[in-house]
Amino acid sequence: MANAPTNPFQDPTRSEPDSSSASACVLTVDRNATLTLGTDSLILLDEGLKHKRLPTNLCGLLPQLAKTTRAIPFYNILWAELEGFEITVRYAAPTGKRTCRVGMIRYSVTDKSLHAHARGWVQALMERAYPSTTTRRKRILVLVNPFGGQGKAQHLWTREVEPIFAAAGCEVLVERTGYRGHARDLAERLDVESVDVIACASGDGLPHEVFNGLARQKFPRRALRKVAVTQIPCGSGNAMSLNLNGTDSASLAAVAIVKGIRTPLDLMAVTQGAERYYSFLSQAVGIVAESDLGTESLRWMGSLRFTWGFLVRILGQTQYPAEVSAVVECGDKRVICERYRCVMEEYQAAVDKHLPPDMNDDEAASHDDNDSSPPTLRHGTVLEPLTPDFTTTDLPTLGNFYVGNMPYMSGDAPFFPATLPSDGQMDMINIDGLIPRTTALRMLTALEKGKLMSFPEVSYRKVSAYRISPRMAPVPTERRFRAKIGRWLGGGGKRGEGVVSIDGESVPFEPFQVEVLGGLGTVLSRRGKVYELEGALGPPG
């Protein structure tokens, strides 16, 4: 191409820098090597590299331009410092497609007259590695659940995550949970001024506990705003990390946490009986709930147990009769898809213009931060009469009732492709239990591609509140089907009992009501305004 730039590191969308600006980006060090601040990466040019084996790509690592050249994305830079005349850069180096470790480069500035330039160069590198939206040296409380998933949390923390946090200069305190509800108790007693982040080395159960512990503090809204909750994926279900960090790898998630953007997250207030608590992920009655809680004996299968449980019950045409009342904000799947696409286009346009994420001002205290009362529920609780805003539907052959606040429920199950972190709405799915088995199998395949809502048999709505009253246990169809394939395949609890799942945790099989509270929680994410989901929306049915 005649008009192609001759400089491979030049961004063609940016204006040509003047010579002084360009020279400020280049630092000459020992061995006649140069370190250059490129458009998106730190560029190393060093004859000594041709004798070293270079790592493969990670997190967008640029292609190697020559045997003597290495490109390290600014995203991968964990820390850089100048001590005397020696520059040290620590970064996330790939060790495979799904893992990384701490790598280091070290050079001396042999020309003593360049000391001031080197100091400014290191500062410029750190500004590129940590933009204004990203906090350096995060103060992190790590909660390790040694019993979660397959019991690998302690190993993953020690081997894969702790070195990355240390290399990034994070201030870390570690607590190991010893009983159910321990994380909630720790979060309730936490001094919210002492930490920036609570990182849960676990599945999705510990983040659920942490949100509810923060909500029990004297000033709940202040606690939920001040402390960001995140996940180091160590469980059989790692939905929080998949949606916010874009990975279920512990080491890659560690880098995402170090570089994470503070992001408001909608929480969902659940009332059941006299109880009130908060959900960040999902609520389920029917097939999904039993696929999760009814396959505990199959934890050895990892995330595959969810798919297996779903398949068994959907082929068995299991039904879960219930009455559902909802405050529907949008019931047209085409409109839902179009609105989501508009948000994604706006986000991408901002990225292309190098604009920072449009987040709430974290330094500006909310007017109700010092309010000791929990957030007000506009639609009341499950013990109160329904307001006129609700529309009630009887679903005698309901097969699947699922409400979510994030796209992925597991690595191969993006149930809710139109969700956003803080749009003030929940995504609700209803599927009849008597759909043909052939359709059910096609749905299962489409689910893995994020195309479930394209089926006309799938009701997909945006709601701000709902109440569900399950009436009875699953009908006998599933029992006959399960008897044919054997009890060892895993199944729900005792016959005659139903299952309700909130964020993957079992709660009583009783009516409950849920209302979304916009932006009440705080998390860390890679992109801020949108989740880590690409191209999942298909044409709606």
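The values are calculated or read from the model by the stated rules, or taken from the named source; none is laboratory data. Keep in mind that this is a model prediction, so the values were computed, not measured. Note that we place each Cβ from the backbone using ideal geometry, even for glycine, and neighbour counts take in every protein chain shown. These area figures cover heavy atoms from the full protein model, side chains too; ligands, DNA and RNA do not enter into them. Shrake-Rupley method; radii C 1.70, N 1.55, O 1.52, S 1.80 Å.
Residues that are surrounded by fewer than 20 Cβ atoms within 10 Å (Cβ to Cβ): list the strands (runs of 3 or more DSSP E) wholly contained in region 168-246 that include at least 3 such residues.
On the way: elements: 171-176, 197-202, 228-233.
Qualifying strands (runs of 3 or more DSSP E): 171-176.
Mind listing whichever residues of region 68-83 are in contact (Cβ under 8 Å) with a residue 24 or more places away in the chain and either over 24 Å from the mean Cα position of the chain (by Cα) or not in a helix (DSSP H, G or I) (or both)?
Listed by number, the residues that qualify are 69, 70, 71, 72, 73, 77, 78, 79, 80, 81, 82.
Restricting to region 410-419, give me the number of residues that are surrounded by 21 or more Cβ atoms within 10 Å (Cβ to Cβ) and out of contact with any strand residue (DSSP E or B) (no Cβ under 7 Å at 6 or more places or on another chain).
Summing the residues that are surrounded by 21 or more Cβ atoms within 10 Å (Cβ to Cβ) and out of contact with any strand residue (DSSP E or B) (no Cβ under 7 Å at 6 or more places or on another chain) in region 410-419 gives 3.
Kindly list the number of the only condition in (1) of a type in the set (Phe, Trp, Tyr); (2) modelled with pLDDT of 95 or more; (3) closer than 20 Å to residue 208 by Cα that fails for residue 408.
Failing condition for residue 408: (2).
Can you tell me how many residues within region 156-167 are surrounded by fewer than 19 Cβ atoms within 10 Å (Cβ to Cβ) and either small (Gly, Ala, Ser) or within 20 Å of the chain's Cα centre (by Cα) (or both)? I'd like the intermediate steps shown before the answer.
Initially, region 156-167 is screened for residues surrounded by fewer than 19 Cβ atoms within 10 Å (Cβ to Cβ), giving 158-159, 162-163, 166.
Adding the requirement that they be either small (Gly, Ala, Ser) or within 20 Å of the chain's Cα centre (by Cα) (or both) leaves 162, 166.
Of the residues in region 156-167, 2 are surrounded by fewer than 19 Cβ atoms within 10 Å (Cβ to Cβ) and either small (Gly, Ala, Ser) or within 20 Å of the chain's Cα centre (by Cα) (or both).
For region 27-47, which positions are under 16 Å from residue 74 (Cβ atoms), out of contact with any Gly (no Cβ under 8 Å at 6 or more places or on another chain) and not small (Gly, Ala, Ser)?
Going residue by residue through region 27-47, those that are under 16 Å from residue 74 (Cβ atoms) are 27, 35-44.
Those still in the list that are out of contact with any Gly (no Cβ under 8 Å at 6 or more places or on another chain) too: 27, 35-39, 41-44.
Result: 27, 35, 36, 37, 39, 42, 43, 44.
Identify all residues within region 28-45 that are in a helix (DSSP H, G or I) and of a type in the set (Asp, Glu); write none if there are none. Give the derivation first.
Start the filter on region 28-45 by keeping residues that are in a helix (DSSP H, G or I), which leaves 30-32.
30 - this is the single residue of region 28-45 that is in a helix (DSSP H, G or I) and of a type in the set (Asp, Glu).
Scanning for something of a type in the set (A, V, I, L, M, F, W, C), modelled with pLDDT under 80, within 25 Å of the chain's Cα centre (by Cα) and exposed (fewer than 13 other Cβ atoms within 10 Å of the Cβ), does region 309-317 turn up at least one residue? If you could, list the steps in order and put the result at the bottom.
The first filter runs over region 309-317 and keeps only residues of a type in the set (A, V, I, L, M, F, W, C), leaving 310-312, 314-315.
Subsequent filtering for residues that are modelled with pLDDT under 80 retains 310-312, 314-315.
Those left that are additionally within 25 Å of the chain's Cα centre (by Cα): 310.
After this cut, where a residue has to be exposed (fewer than 13 other Cβ atoms within 10 Å of the Cβ) as well, the list is none.
For region 309-317, residues of a type in the set (A, V, I, L, M, F, W, C), modelled with pLDDT under 80, within 25 Å of the chain's Cα centre (by Cα) and exposed (fewer than 13 other Cβ atoms within 10 Å of the Cβ): absent.
For residues in region 128-146 being out of contact with any helix residue (DSSP H, G or I) (no Cβ under 8 Å at 6 or more places or on another chain) and modelled with pLDDT under 95, which is farthest from residue 351 (Cα to Cα)?
Checking each candidate, the answer is 135.
If you go through region 256-274 one residue at a time, do you hit one that is surrounded by fewer than 24 Cβ atoms within 10 Å (Cβ to Cβ), without any contact (Cβ under 8 Å) to a residue 40 or more places away in the chain and not acidic (Asp, Glu)?
no
I'm told residue 374 meets every condition in (1) under 24 Å from the mean Cα position of the chain (by Cα); (2) closer than 30 Å to residue 133 by Cα; (3) in contact (Cβ under 8 Å) with a residue 24 or more places away in the chain; (4) open to solvent by less than 80 Å² (accessible area, probe 1.4 Å) except one. Can you identify the failing condition by its number?
Going through the list (1) under 24 Å from the mean Cα position of the chain (by Cα); (2) closer than 30 Å to residue 133 by Cα; (3) in contact (Cβ under 8 Å) with a residue 24 or more places away in the chain; (4) open to solvent by less than 80 Å² (accessible area, probe 1.4 Å), residue 374 breaks only (1).
Could you list, in sequence order, all residues of region 431-445 that are more than 23 Å from residue 337 (Cα to Cα) and either in contact (Cβ under 8 Å) with a residue 12 or more places away in the chain or under 28 Å from the mean Cα position of the chain (by Cα) (or both)?
So in region 431-445, the residues more than 23 Å from residue 337 (Cα to Cα) come out as 433-438, 441.
Once the filter is applied, which keeps residues that are more than 23 Å from residue 337 (Cα to Cα) and either in contact (Cβ under 8 Å) with a residue 12 or more places away in the chain or under 28 Å from the mean Cα position of the chain (by Cα) (or both), region 431-445 yields 433, 434, 435, 437, 441.
Output the qualifying pairs, or none if there are none: Cβ atoms under 6 angstrom, residues six or more apart or on different chains, first residue in region 88-113 and among the small types (Gly, Ala, Ser), second residue surrounded by fewer than 20 Cβ atoms within 10 Å (Cβ to Cβ) and not in a strand (DSSP E or B).
93/55; 108/30; 108/85
Output the residues belonging to region 417-430 that are in contact (Cβ under 8 Å) with a residue 40 or more places away in the chain and of a type in the set (A, V, I, L, M, F, W, C).
Across region 417-430, the qualifying residues are 418, 420, 426, 428.
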